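What follows is one structure encoded as structure tokens, with my remarks underneath.
The values are calculated or read from the model by the stated rules, or taken from the named source; none is laboratory data. Everything quoted here is computed from the prediction, not taken from an experiment. All Cβ positions, even for glycine, are placed from backbone atoms using ideal geometry, and neighbour counts span all protein chains on display.
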Amino acid sequence: QKEVEQDPGPLSVPEGAIVSLNCTYSNSAFQYFMWYRQYSRKGPELLMYTYSSGNKEDGRFTAQVDKSSKYISLFIRDSQPSDSATYLCAMRGGGETSGSRLTFGEGTQLTVNP
Amino acid sequence: ETGVTQTPRHLVMGMTNKKSLKCEQHLGHNAMYWYKQSAKKPLELMFVYSLEERVENNSVPSRFSPECPNSSHLFLHLHTLQPEDSALYLCASSQGTYNEQFFGPGTRLTVL
């Protein structure tokens, strides 16, 4: 079983739609959760960074963490064609014993159609 | 130059060739990383350097040999690669290994 499961898509939505991207994980030691966005021919860039359970909002993006269900989500409101990219979830443990290594999901390819 | 740069952006090599990938970070960071990104697979961490010392070698075959001469530069030396090594090789840097990692654009490697 993979430590982090992410539906690779592809996901295609019309402009203005609400997009929901999700990851599940099996390692209960994960405490820090990240979403990266990767445009074609570019490296990943950090989009959202959350610690433990709860919601975090940044403009049109909301990151949600439910540690009890081992489930994280990224919501994109009023999606734009410029949001078309691959979205990677990543997570790591919280201390010296868990290490600093990031564990990534496979990535979900999103296309927002004008 | 800003951020993390990688050269070359594309590389095609035969199985018997020797080549090197170069990464340079302009962010003043003290940790650098090599990742492998293959289609339909998560990013795989290959090597981590912190303060110019290798702190992690994630069971990578010896045909991949990293070198970190200073905190701004990282190399990945390649020799006798296999076709399954074809992938996007990403370099990243961070200030300390627990902080945000900034990625370069990657080198698309094809092994014939």
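Any idea which of B:THR80, B:THR110, B:THR97 is in contact with a Ser or Thr (Cβ under 7 Å, 6 or more places away or on another chain), on the phi > 0 side of the Ramachandran plot and not hydrophobic (A, V, I, L, M, F, W, C)?
Values: B:THR110 fails: on the phi > 0 side of the Ramachandran plot; B:THR97 fails: on the phi > 0 side of the Ramachandran plot.
Answer to the check: B:THR80.
When both residues are 6+ apart or on different chains and their Cβ atoms are under 6 Å apart, which pairs have a first residue that lies in region B:1-23 and is in a strand (DSSP E or B) and surrounded by fewer than 17 Cβ atoms within 10 Å (Cβ to Cβ), and a second that is modelled with pLDDT under 95 and not hydrophobic (A, V, I, L, M, F, W, C)?
Listed pairs, sorted by first residue: B:LYS18/B:HIS79.
Pull up region B:29-45, narrow it to residues that are among the aliphatic types (A, V, I, L, M) and buried (at least 21 other Cβ atoms within 10 Å of the Cβ), then point me to the one that is nearest to the chain's Cα centre (by Cα). Talk me through it step by step, then tell me what you get.
Filtering region B:29-45 for residues among the aliphatic types (A, V, I, L, M) gives B:31-32, B:39, B:43, B:45.
Subsequent filtering for residues that are buried (at least 21 other Cβ atoms within 10 Å of the Cβ) retains B:31-32, B:43.
Numbers: B:ALA31: 12, B:MET32: 9, B:LEU43: 12 Å.
It comes out as B:MET32.
Here's a check for you: in region B:97-112, which residue that is surrounded by fewer than 16 Cβ atoms within 10 Å (Cβ to Cβ) and more than 8 Å from every other protein chain (Cβ to nearest Cβ) is nearest to B:GLN25 (Cα to Cα)?
Only one residue fits best here, namely B:ASN99.
Quick grid of which residues meet (1) within 11 Å of chain A (Cβ to nearest Cβ); (2) of a type in the set (D, E, K, R); (3) under 24 Å from A:GLU106 (Cα atoms):
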| residue | (1), (2), (3) |
| --- | --- |
| B:VAL4 | yes, no, yes |
| B:HIS10 | yes, no, yes |
| B:LYS22 | no, yes, no |
| B:HIS29 | no, no, no |
| B:TYR33 | yes, no, yes |
| B:GLU44 | yes, yes, yes |
| B:GLU52 | no, yes, no |
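State which residue pairs qualify: first residue closer than 14 Å to A:ASP83 by Cβ and inside region A:1-17, second residue surrounded by fewer than 12 Cβ atoms within 10 Å (Cβ to Cβ) in any location, beta carbons under 9 Å apart, and separation of 6 or more residues or different chains.
Close Cβ pairs satisfying both conditions: A:SER12/A:ASN113; A:VAL13/A:ASN113; A:PRO14/A:ASN113; A:PRO14/A:PRO114; A:GLU15/A:PRO81; A:GLU15/A:ASN113; A:GLU15/A:PRO114.
Could you list, in sequence order, all residues of region B:50-84 that are over 24 Å from A:GLU3 (Cβ atoms) and of a type in the set (Ser, Thr, Tyr)?
B:SER62, B:SER65, B:SER71, B:SER72, B:THR80
Enumerate the strands (runs of 3 or more DSSP E) found wholly within region A:8-114, keeping only those where 2 or more residues are within 14 Å of chain B (Cβ to nearest Cβ). Quick ask: steps written out before the conclusion?
On the way: elements: A:11-14, A:19-25, A:30-38, A:45-51, A:54-58, A:61-66, A:71-76, A:85-93, A:108-113.
Counting at least 2 such residues, we get A:19-25, A:30-38, A:45-51, A:85-93, A:108-113.
In region B:47-74, how many residues are aliphatic (A, V, I, L, M) and in contact (Cβ under 8 Å) with a residue 24 or more places away in the chain?
Here is the first cut: in region B:47-74, the residues aliphatic (A, V, I, L, M) are B:48, B:51, B:55, B:60, B:74.
Filter once more, keeping what is in contact (Cβ under 8 Å) with a residue 24 or more places away in the chain: B:48, B:55, B:74.
Residues that pass the stated criteria total 3.
Looking at the structure I just gave you, is B:HIS26 at negative phi and exposed (fewer than 14 other Cβ atoms within 10 Å of the Cβ)? Steps first, answer last, please.
On the way: at negative phi: yes; exposed (fewer than 14 other Cβ atoms within 10 Å of the Cβ): yes.
Considered against the rule, which asks whether it is at negative phi and exposed (fewer than 14 other Cβ atoms within 10 Å of the Cβ), B:HIS26 comes out as yes.
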